[in-house]
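What follows is a single structure, written as structure tokens, with notes after it.
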């Protein structure tokens, strides 16, 4: 989902940066507030950030014959709320943009928006919906994490299509092309991300049950099973 | 049951990653005799696609620093993954130890 350095027109680069900045700022505020009120959750915040570090470093092969990577933002979004992932995404993307020439500074805003704003908000919303629909814990987490991963890549496709509409078919044709590169490749990876998120969430439910209840992630009943 | 479930999920992830390696065949070299890379990054493919859709577009900013070789790039990605995995391992170790000690204390209290 990394849009490469310089591959967004100036106006788009500025626009996406402006769109992402408030989320990062609000995310920092919510993280600070949460850690001040509940210092015992600091460890879990570390786990959420670490999970994003690992997953976004793993470039996995896909059935389309290209490689891509999961994002790992679903876990933290479910635990700490979607806004908290924006600053974490910023750290990961900045690391890759500066040291690895993967992504870029000019495209940082757009990349934050897809990976650390759209993905996490989708994850949190889908998890809530799944819980409201009385789906069991595991499947709810799986759906939230994998669909968030997929939506991140669909957002990137839309961002690129918006910047580079097809001369003949316009936005729609261009979106279809970018989506074949990104979204189709991402389907097996999204499933992997969903499964890995459930594995970590199971461990969290086992060892950090009180915190998870405090965060409204699980109810007492689910944890006892 | 839970542990069994986690193991199955981890196996599924390994299968999902390994399957494409086995399914996707290396494409034959193109007409000009150049090798077509297999399992290239999707990000790079998107970059090429930008060139196809708007051939006139010129990237207006270059990365400040590029890893001098693919190996150095892998090193940095491995470092990123190691940092994350290291922390998760630390948390897991702390958690299992704490759970064990708690159990031991409860047993003692019962005696």
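The values are calculated or read from the model by the stated rules, or taken from the named source; none is laboratory data. Keep in mind the model is a prediction, meaning the values are calculated, not measured. Cβ sites come from the backbone with ideal geometry, for glycine too, and all protein chains shown count toward neighbours.
List of remarks:
- Any hit, the stretch A:169-182, residues being more than 7 Å from every other protein chain (Cβ to nearest Cβ), assigned to a helix (DSSP H, G or I) and under 17 Å from the mean Cα position of the chain (by Cα): no
- Members of the stretch B:62-111 that are part of a helix (DSSP H, G or I), farther than 29 Å from residue A:207 by Cβ and over 25 Å from the mean Cα position of the chain (by Cα): none
- Scan of the stretch B:54-77 for residues that are facing chain A (nearest Cβ under 9 Å) and under 28 Å from residue A:162 (Cβ atoms), ordered by number: B:54, B:57, B:58, B:59, B:60, B:61, B:62, B:63, B:64, B:66
- Residue within the stretch B:100-110 that is under 25 Å from residue A:192 (Cα atoms) and either in contact with a helix residue (DSSP H, G or I) (Cβ under 7 Å, 6 or more places away or on another chain) or modelled with pLDDT under 85 (or both) present: no
- Flag if residue A:70 is modelled with pLDDT of 90 or more, within 24 Å of residue A:215 (Cβ to Cβ) and either more than 14 Å from chain B (Cβ to nearest Cβ) or more than 16 Å from the chain's Cα centre (by Cα) (or both): no
- Within the stretch A:180-218, tally of residues that are farther than 29 Å from residue A:154 by Cβ and out of contact with any helix residue (DSSP H, G or I) (no Cβ under 7 Å at 6 or more places or on another chain): 3
- Single residue of A:97, A:110, A:77 found to be farther than 24 Å from residue A:180 by Cβ, more than 8 Å from chain B (Cβ to nearest Cβ) and surrounded by 22 or more Cβ atoms within 10 Å (Cβ to Cβ): A:77
- The listed residue being more than 13 Å from every other protein chain (Cβ to nearest Cβ), in contact with a helix residue (DSSP H, G or I) (Cβ under 9 Å, 6 or more places away or on another chain) and outside any helix (DSSP H, G or I), out of A:147, A:135, A:105: A:135
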